[in-house]
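Working notes for the structure below.
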Amino acid sequence: MNQFELDHYFGTQYNLENWVLVNIKGEDVVNFLQGQTTNNIKNLGENDSCLTVRLDRSGRIKSYFFVIKNLGNIYLFLESKLLEETLEDLNKYIIMEDVDFEVIKDKRFFLDTKNINAEGIDINFFGERGVLIEGNQGKDYFSKTLLNGFVNTDNVLGKIVNSTYLNEFVNYSKGCFLGQEPVAKINNNRGGAYYPVFLIGDKKIEQKIEIGKVLASIPYENIWVNYVEINRENRISKKEVNLNDSKYVVEYLPFYSSNTNEEKSNQLFHLAVKLFGQDNEDEAIKFLQRSIELNPKNADSYESLGVIFGRQGKYQEAIKLMDQLEKADPESVMAFTNRSLYLMKLGKIEEAEEQKSLATLKSFKKFGDEAKEKKAKEDLKHQQEQELLTRERMFKQVLELDSEDEIANFGIGEIAFKRKNYELAIEKLSFVIDKNPKHSVAYLVLSKAYKEAKDIDNCIRVLNKGIEVASKNGDLMPANEMQSILIQINS
């Protein structure tokens, strides 16, 4: 692992001396912030936090800050240079509300992502969950927040939020907030004309580029991660673009797909399994221990760590882990099976036999649960087939009246694909595209039909055209899915 990955999974400390904490007091704090910011403050639980944005009436970013609930208090956490203007702006909108801002002066903070149970204020800081602790230590956080999607204040203030990564922290369904109408229109149309992505390549992009604007770049092992606001046509995940005689691959933000403690825990488990397969038990143990620390309910990590300790003859430690596994997953058969094995190794025959019997009982229950699950899946499949029949009858009735109806032909083609009738699917979906060459989803389903029919040449043809059409339409979901299929075919 390089240093970025070590910091990501095992944690570190980040110096936030240029940030300030504001205690917000009053009976109306939550309702006030709910109407003045982009995120859903009412959904915050105790010891929870969220990044939210303050917009002007045109949807441009005025400021951004974290809202934190901790031990009955509500705080704002923001950069010092945004403090004065942010509080002045918010105070303008306090009419009769009971809201008061108290700046916690002369205190500096660092973010501890290593000691997740440290005493302090819990915060999810740009996707990095940690604890705010009073002090003035730690490393610079810029590279970390860059990989998590955020550049710096100067690159977002005054911009329409739809063109920045802060758009990810706009809750468009929560109700009214200042600037909602213009940004909702952009979001519901095709999104921002430009939006940040990573361009991953061997070189730092230093020159101007036609497809966007480079905001920052950092080296990462043997590659460069270039943070670029890119135009809609090229904003397709995994797409290769040629710039300045070099190739770059488009990657969506953030750089690490696992950001929550639970996600990191799962990723560490899989990395540990890989290390174990390479006979690197010491590293595997370290990864599994951190996995459990991040998520004390990760049953897979308890089981795997117990197995390793059992292989090493550390039977007492392995038994303790099986006890923890049982608490994390009371239905686990392996907690009893492995405990029986380790007790047997210790010569505790009667206790081992008892655990073996309990494992058998757990297995019977599990088989019963699996039978119920199988029945539920069969019922769901039957329900879905009935829904397909209903839709099919409706589409056929429409086609009897108008054989060229676009929606009905697409519907029949999609149903045919789901039933693995690829010949009919190709016929109907090709008709739809001939009638409407901008139908992005029709290209997607048609490409899948050609792929399943083993007609790879036509599949690639449809994918290339479909990606081009979808990207121009701003239909990034079908564009990304088609790009993914194309990569699979070419790999």
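The values are calculated or read from the model by the stated rules, or taken from the named source; none is laboratory data. Note that this is a predicted model, so its numbers are computed, not measured. Heads up, the Cβs are rebuilt from the backbone with ideal geometry, glycines too, and the neighbour counts pull from every protein chain shown. Heads up: the accessible areas ignore ligands, DNA and RNA and are worked out on the full protein's heavy atoms, side chains in. Shrake-Rupley method; radii C 1.70, N 1.55, O 1.52, S 1.80 Å.
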Regarding Glu262, is this residue within 30 Å of Leu476 (Cα to Cα) and modelled with pLDDT under 95? yes
Flagged in segment 78-129 as among the acidic types (Asp, Glu), in a loop (DSSP other than H, G, I, E, B) and either modelled with pLDDT of 95 or more or under 13 Å from Leu21 (Cβ atoms) (or both), in numbering order, are Asp98, Asp106
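Yes or no, residue by residue, for (1) in a loop (DSSP other than H, G, I, E, B); (2) touching a helix residue (DSSP H, G or I) at 6+ places or on another chain (Cβ under 6 Å); (3) surrounded by fewer than 20 Cβ atoms within 10 Å (Cβ to Cβ):
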position	(1), (2), (3)
Gly306	no, yes, no
Gln316	no, no, yes
Ile319	no, yes, no
Glu326	no, yes, yes
Ala335	no, yes, no
Which fully enclosed strands (runs of 3 or more DSSP E) of segment 175-245 have 1 or more residues being in contact (Cβ under 8 Å) with a residue 60 or more places away in the chain and over 30 Å from Ile41 (Cβ atoms)? 212-220, 223-231
Considering only residues that are more than 26 Å from the chain's Cα centre (by Cα) and in a helix (DSSP H, G or I), which ones fall in segment 25-34? Val29, Val30, Asn31, Phe32
Among residues of segment 5-36 being aromatic (Phe, Trp, Tyr) and surrounded by 19 or more Cβ atoms within 10 Å (Cβ to Cβ), the residue farthest from Asn280 (Cα to Cα) is Phe32
Could you please find all residues in segment 367-390 being open to solvent by less than 80 Å² (accessible area, probe 1.4 Å), over 30 Å from Val333 (Cβ atoms) and among the charged types (D, E, K, R)? Glu385
Condition check for Arg393: outside any loop (DSSP other than H, G, I, E, B), without any contact (Cβ under 8 Å) to a residue 24 or more places away in the chain, basic (Lys, Arg) and closer than 30 Å to Asn436 by Cβ: yes
Residue check: is Val197 crowded, with 18+ Cβ neighbours inside 10 Å and in contact with a Leu (Cβ under 8 Å, 6 or more places away or on another chain)? yes
If the Cβ limit is 8 Å and pairs must be 6+ apart or interchain, which residue in segment 473-486 that is modelled with pLDDT of 90 or more and of a type outside the set (Phe, Trp, Tyr) pairs with which residue that is assigned to a helix (DSSP H, G or I) and open to solvent by 40 Å² or more (accessible area, probe 1.4 Å)? Pro478/Val441; Ile485/Lys448; Ile485/Lys451; Leu486/Ile460; Leu486/Asn464
Criterion violated by Cys176 - all others in (1) touching a helix residue (DSSP H, G or I) at 6+ places or on another chain (Cβ under 9 Å); (2) open to solvent by less than 90 Å² (accessible area, probe 1.4 Å) satisfied: (2)
For segment 439-460, check the following and say yes or no: at least one residue is under 15 Å from Asn409 (Cα atoms), of a type outside the set (Phe, Trp, Tyr) and not in a helix (DSSP H, G or I). yes
Examine segment 37-53 for a residue that is open to solvent by 30 Å² or more (accessible area, probe 1.4 Å), over 30 Å from Asn295 (Cα atoms) and either modelled with pLDDT of 95 or more or not in a strand (DSSP E or B) (or both), and state whether such a residue exists. no
Say whether the condition of being more than 20 Å from Tyr75 (Cα to Cα), buried (at least 17 other Cβ atoms within 10 Å of the Cβ) and β-branched (Val, Ile, Thr) is met by at least one residue in segment 116-125. no
